[in-house]
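In what follows, a structure is listed as C-alpha cells, so that the remarks can point back to it.
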Amino acid sequence: MASPAVISQPRSSKTESYVDNKRKEDIRQANITAARAGMDKMISTANGEVIITNDGATILNKMEVLQPAAKMLVELSKSQDAAAGDGTTTVVVIAGALLKQCQVLLSHGIHPTVISDSLHKASTKAVDVLTAMAVPVELTDRDSLVKSASTSLNSKVVSQYSTLLAPMAVDAVLSVVDPAKPEIVDLRDIRIVKKLGGTVDDTEMVKGLVFDKKASHAAGGPTRMENAKIAVIQFQISPPKTDIEQSIVVSDYTQMDRILKEERNYILGMIKKIKATGCNVLLIQKSILRDAVTDLSLHYLAKAKILVIKDVERDEIEFITKTLNCLPIANIEHFRAEKLGYADMVEEVSLGDGKIVKITGIQNMGRTTTVLVRGSNQLVLDEAERSLHDALCVVRCLVSKRFLIAGGGAPEIELSRQLGAWAKVLQGMEGYCVKSFAEALEVVPYTLAENAGLNPISIVTELRNRHAQGEINTGINVRKGQITNILEENVVQPLLVSTSAITLATECVRMILKIDDIVTVR
C-alpha cells in the first residue's frame, strides 16, 4: 500500500526516503507552527519593510515559502480571505491539526483514500451541525452586526479601538448595500484612505470623497469652492507633442515667439471650453506620455478660478465617477455640462503634517463611502487598515449569509462533541477517522486558551464537560480568563467564517493526503 510521501512514514523505517520525508514534514510543521501561535508577528521583508500583524493571510503571504505542500497552506489562507475575509489564521490552524491527526492514522496503516473520504463526510456533517447552532440575524439589528465586527477586531493590534471601528465598519457596509440586490456587497465601494498623524481615535467616515493630496497651489489657484461643478478628465491640458520623437530647430526668434503664442492659444482655447460649461473643479488623471498640466496651464486655470487636483490615479477613476455620479471625459471635444458632478463643497483641509482635499454634499451621490484612517506611525496605520478590512468582511459575510454563531471556541468544541458521538455509530475505519477529525477541532479552543495565558488542558477539559451538559454556547472568555456563555458576552461571528474555514481546511488536507511523491522538474 503506497502511503503518501509528503506525510512522514512510521518511525520504524530507517531508509533514505524516510529522511527525505522527515525533512518535508519538518518544513510543513514549521509553517503550521508559524501560523499557529496566534499572537502578533513582526515581519521583516527583504527590502527592510517592517509589518506588525496577526492576520493569518498577511503573515503567510509575506513568507517566502519554498516547500510545495506549504505553499498550499498559503493558498488556503488566501482562499479563506476571499471567501469570508476573516478566520485566515483559524483555517491554517485547523488544517495543521488535521494533518497531525492524518499522520497518526497513516502510521496505523489506514489507507489515505479511506481517510480522505471520511474527512469529507465529517466536514459535511460539521457544516450541518454549525448551521443548526446558528442564530438568524436581520440587517436592521445593528447591535448584532456591531458585536460581530468588534469580535473580529478584538484579536487585533488595534483592539482597544474596536468601539470606534466596529460601528464604523457596519455603517460603511450598510451605506453601500443596494436595496435591489440586498445580499451583494462590493467592498470596492468602500475606499480606505490612510493619513499619517493623530491617533486611530481620529479615524472618521466621510460621506463623500477624500484625496490624500493637496490642491494645486501654482499661480495662486483657489483651494476652496462652494457649489462645485466637478469634471473628471482623462486628457492633458498641455501643448501637444509629435507622435514620434523629433527635434525642431528654431533659427529665428520670431518663430520661437510663434511657437509659444500657439501653445498659449491652444491651452487658452481648452480652458475657455472648460469654463464655458460652468465647471469650477478639475480632477486630472495622471498622465504617462506627457505632462497632464504645465505651469502655463495651471496659471490660466488659476486665473479662471478653477480648483485643480492633479495626479489622480487611474484605478481611482471608477470609484470617483461612481461617487460623484458623473462621467469621465476623455477628450476636450466631449466636455459638456451633463458629464459634470455636483457638490456643495470642495475644500483643502490641513491634517497632521500634510493636507487633504475633501468633497462633501455630493448631489445624487452613488452608493459609496470613504473611511479616513489616522495613526501615529505607518505600522499602526497599516494594521488599522487591515483590521478595518477584516471587520468590513465580517459585516459583508452577515449581509450575504444572515446567520451568527458564538465565538470563543464554542462552536469547535460543540462540533468535536457531536462528531465524536457520531463516530461511535459509524462502522469500521470511518468511525476511527471521524473521531480523529473531531479531536483535531479542539485545537482552536486550545490555541485560544494558550494565547490568553490560561492553562489550555484544564480549560478545554472544562469546556468539554460544560458542552456535555448541554451548554452549547459556552466558550472561552479571554478578557475574564474563564469559561462563560459567549453569546451573552456578545462574542459572535458570522456562520460563513466558520463553515468556510472547515470546508476549505478539509479540502486542502484531502489534497495533501492524496499526494504520494514530490517530483521536482528542473
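Details
- For G278, the requirement of being open to solvent by 20 Å² or more (accessible area, probe 1.4 Å), at positive phi and not β-branched (V, I, T) is met.
- Filtering the stretch 325-350 to residues that are open to solvent by less than 30 Å² (accessible area, probe 1.4 Å) and either modelled with pLDDT under 90 or outside any strand (DSSP E or B) (or both) leaves C326, I332, F335, L340.
- Unmet criterion (only one of (1) over 14 Å from E507 (Cα atoms); (2) surrounded by fewer than 20 Cβ atoms within 10 Å (Cβ to Cβ); (3) acidic (D, E)) for D117: (1)
- Residue-level check: of (1) closer than 30 Å to A83 by Cα; (2) open to solvent by 70 Å² or more (accessible area, probe 1.4 Å); (3) touching a Leu at 6+ places or on another chain (Cβ under 9 Å), T203 misses just (2).
- Criterion (farther than 24 Å from D55 by Cβ, assigned to a helix (DSSP H, G or I) and of a type outside the set (G, A, S)) met by exactly one of L105, L76: L105
- Subset tally (residues that are open to solvent by 20 Å² or more (accessible area, probe 1.4 Å) and within 19 Å of the chain's Cα centre (by Cα)) for the stretch 59-76: 4
- Checked against the criterion of being of a type in the set (G, A, S), over 19 Å from I356 (Cβ atoms) and open to solvent by 90 Å² or more (accessible area, probe 1.4 Å), the candidates S251, S287 yield just one match: S251.
- Checked against (1) surrounded by 18 or more Cβ atoms within 10 Å (Cβ to Cβ); (2) outside any helix (DSSP H, G or I); (3) not charged (D, E, K, R), I267 passes all but condition (2).
- Scoring V519 on the criteria (1) over 29 Å from K121 (Cβ atoms); (2) open to solvent by 50 Å² or more (accessible area, probe 1.4 Å); (3) in contact with a strand residue (DSSP E or B) (Cβ under 9 Å, 6 or more places away or on another chain); (4) of a type in the set (A, V, I, L, M, F, W, C) leaves a single failure, condition (3).
- Residue that is least open to solvent (accessible area, probe 1.4 Å), among those in the stretch 129-141 that are in a helix (DSSP H, G or I) and under 30 Å from D178 (Cα atoms): L130
- Among residues of the stretch 358-376 that are among the hydrophobic types (A, V, I, L, M, F, W, C), those with a Cβ under 6 angstrom from a residue that is assigned to a strand (DSSP E or B) and open to solvent by 50 Å² or more (accessible area, probe 1.4 Å), sequence gap 6+ or separate chain, pair up as V371/M205; L372/E204; V373/K194.
- Selection count where residues are at pLDDT 85 or above, open to solvent by 70 Å² or more (accessible area, probe 1.4 Å), charged (D, E, K, R) and part of a loop (DSSP other than H, G, I, E, B), scope the stretch 208-248: 2
- A Cβ distance below 9 Å, combined with a sequence gap of six or more or placement on separate chains, defines the contacts here; from the stretch 260-279, residues that are touching a residue at least 12 places away in the same chain (Cβ under 8 Å) and over 12 Å from L296 (Cα atoms) reach residues that are open to solvent by 90 Å² or more (accessible area, probe 1.4 Å) and outside any helix (DSSP H, G or I) in the pairs K275/K305; T277/R336.
- Tabulated pairs, the stretch 148-172, first within 25 Å of P136 (Cβ to Cβ), second part of a helix (DSSP H, G or I) and open to solvent by 50 Å² or more (accessible area, probe 1.4 Å), C-beta under 7 angstrom, 6+ apart or interchain: V170/R142
- Flag not set for T520, criterion: within 30 Å of Q103 (Cβ to Cβ) and at pLDDT 90 or above.
- Test: residue in the stretch 211-223 that is closer than 30 Å to S162 by Cβ and touching a strand residue (DSSP E or B) at 6+ places or on another chain (Cβ under 6 Å): yes
The values are calculated or read from the model by the stated rules, or taken from the named source; none is laboratory data. None of the values given here were measured: they were computed from a predicted structure. Backbone-built Cβ (ideal geometry, glycine too); neighbour counts: all protein chains shown. Accessible surface areas use protein heavy atoms only, side chains included; no ligands, DNA or RNA. Shrake-Rupley method; radii C 1.70, N 1.55, O 1.52, S 1.80 Å.
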